[in-house]
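Please read the structure below before turning to the comments.
The values are calculated or read from the model by the stated rules, or taken from the named source; none is laboratory data. Every value quoted in this text rests on a predicted model; they were computed, and no experiment measured them. Here the Cβ positions follow ideal geometry from the backbone for every residue, glycine too, while neighbour counts run over all protein chains shown.
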Amino acid sequence: MTGERLRLMAVHAHPDDESSKGAATTAKYAAEGVDVLVVSCTGGERGDVLNPQHPAVEGGLDGMREYRRHEMAAAASALGVQHRWLGFVDSGLPEGDPLPPLPEGCFALVPLEEAAAPLVQLVREFRPHVITTYDPTGGYPHPDHIMCHRVSAEAFAAAGDPERYRGLGEPWAPSKLYYNHGFSLARMRAVHDAIVAAGRESPFGDWLDSRQAREVPEREVTTRIECSAYFPQRDDALRAHATQIDPDGFFFAVPRELEVAQWPTEEYELAVSHVPVTLPEDDLFAGLRGDATA
């Protein structure tokens with residue numbers, strides 16, 4: 001180590017995504033002394049109240065935005081991480097055939113360089129060594145998740161270039177870019193089989209059938225982070241998003257002792273590395289521990 005603290009930036013589309021994708025990893029690194037910054041691209045304004053135990057949220061987009069700001073603050077506290085908003089407006093999840101047009105002014109319709117500019121500025125300010133985000137499919141086809149990938153990839157590539165995004169801070173080139181794999185088919189199948197073998201009802205049967213029927217491809221896993229000791233912090237962060245997460249629902253349907261025994265890791269795909277690495281990895285900072293200045 002050179003003496004400089006390592007820094008991790010996790011870029012997400014909406015408040016609550018940071019708690020369902022890689023949350024135990026961020027809690028682990030924060031507890032170990034890494035500076036961890038979670039970035040939310042949008043305010044989640046168009047999210048529905050998905051928790052049947054939660055009352056309706058009044059006040060339209062402004063009311064939901066304010067509600068979810070408080071939820072996000074509680075989730076960040078549970079994980080022990082810093083948090084910043086990019087300030088874009090949730091695009092919503094279009095439904096129907098054909099799909100309706102996206103709302104005017106929403107995140108997914110913002111021109112790429114305009115959408116990436118505040119993230120480039122934040123990268124240059126926070127100076128992360130590692131960035132995590134979604135793969136090019138968004139993990140699932142939500143327009144904000146796909147846009148989150150595009151913006152993150154743009155910022156990762158451009159933040160270190162002094163000729164690009166002038167006036168937005170001193171250039172900084174992050175060393176590694178990862179895609180998180182929060183809902184891998186392999187993980188769901190392993191946990192499903194263990195639940196069934198224990199004589200219990202699995203919440204993943206229909207989900208697995210749907211994934212297989214749609215032939216959703218599995219992306220490569222290069223990096224597994226052992227973080228089961230931080231599942232309680234992850235669960236506290238999930239519960240903080242009370243409008244979105246049913247405490248008796250999907251995310252809490254797996255007995256925690258079974259989850260720890262069957263799948264104590266969170267998975268990532270190394271997309272870009274500017275430092276030499278040996279795969280597979282068990283550390284997002286592999287290759288950086290001896291040179292934190294990157």
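Numbers for the structure displayed
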quantity: Number of the exception - Glu259 against (1) assigned to a helix (DSSP H, G or I); (2) in contact with a strand residue (DSSP E or B) (Cβ under 9 Å, 6 or more places away or on another chain); calculated: (2)
quantity: Residue match in the range 32-48 (condition: modelled with pLDDT under 95 and loosely packed, with under 15 Cβ neighbours inside 10 Å); calculated: yes
quantity: So Gly167, is it modelled with pLDDT under 95 and either more than 25 Å from Glu226 (Cβ to Cβ) or not aromatic (Phe, Trp, Tyr) (or both); calculated: no
quantity: Candidate set from the range 141-182 (those that are of a type in the set (Ser, Thr, Tyr) and either free of Cβ contacts under 8 Å to residues at least 12 places away in the same chain or not in a loop (DSSP other than H, G, I, E, B) (or both)); member that is farthest from Glu259 (Cα to Cα); calculated: Ser152
quantity: Filter result (crowded, with 21+ Cβ neighbours inside 10 Å and under 15 Å from the mean Cα position of the chain (by Cα)) within the range 245-269; calculated: Glu266, Glu267, Tyr268
quantity: Scope the range 186-195; condition of a type in the set (A, V, I, L, M) and either buried (at least 18 other Cβ atoms within 10 Å of the Cβ) or within 17 Å of the chain's Cα centre (by Cα) (or both); matching residues; calculated: Met188, Val191, Ala194, Ile195
quantity: Yes/no for Glu45 being assigned by TED's automatic domain parsing to the domain that holds Ile131 and either more than 24 Å from Leu112 (Cβ to Cβ) or outside any loop (DSSP other than H, G, I, E, B) (or both); calculated: no
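Rundown of residues vs (1) more than 30 Å from Arg234 (Cβ to Cβ); (2) in contact (Cβ under 8 Å) with a residue 60 or more places away in the chain; (3) assigned by TED's automatic domain parsing to the domain that holds Ala155; (4) in a helix (DSSP H, G or I), yes/no style:
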residue: Asp62; (1), (2), (3), (4): no, no, yes, yes
residue: Glu66; (1), (2), (3), (4): no, no, yes, yes
residue: Glu95; (1), (2), (3), (4): no, no, yes, no
residue: Glu113; (1), (2), (3), (4): yes, no, yes, yes
residue: Ala116; (1), (2), (3), (4): no, no, yes, yes
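So that you can scan it fast, the table gives a plain yes or no per residue for (1) buried (at least 18 other Cβ atoms within 10 Å of the Cβ); (2) at pLDDT below 95; (3) within 15 Å of Arg256 (Cβ to Cβ):
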| residue | (1), (2), (3) |
| --- | --- |
| Asp209 | no, yes, no |
| Gln212 | no, yes, no |
| Glu215 | no, yes, no |
| Glu218 | no, yes, no |
| Ile225 | yes, no, no |
| Ala229 | no, no, yes |
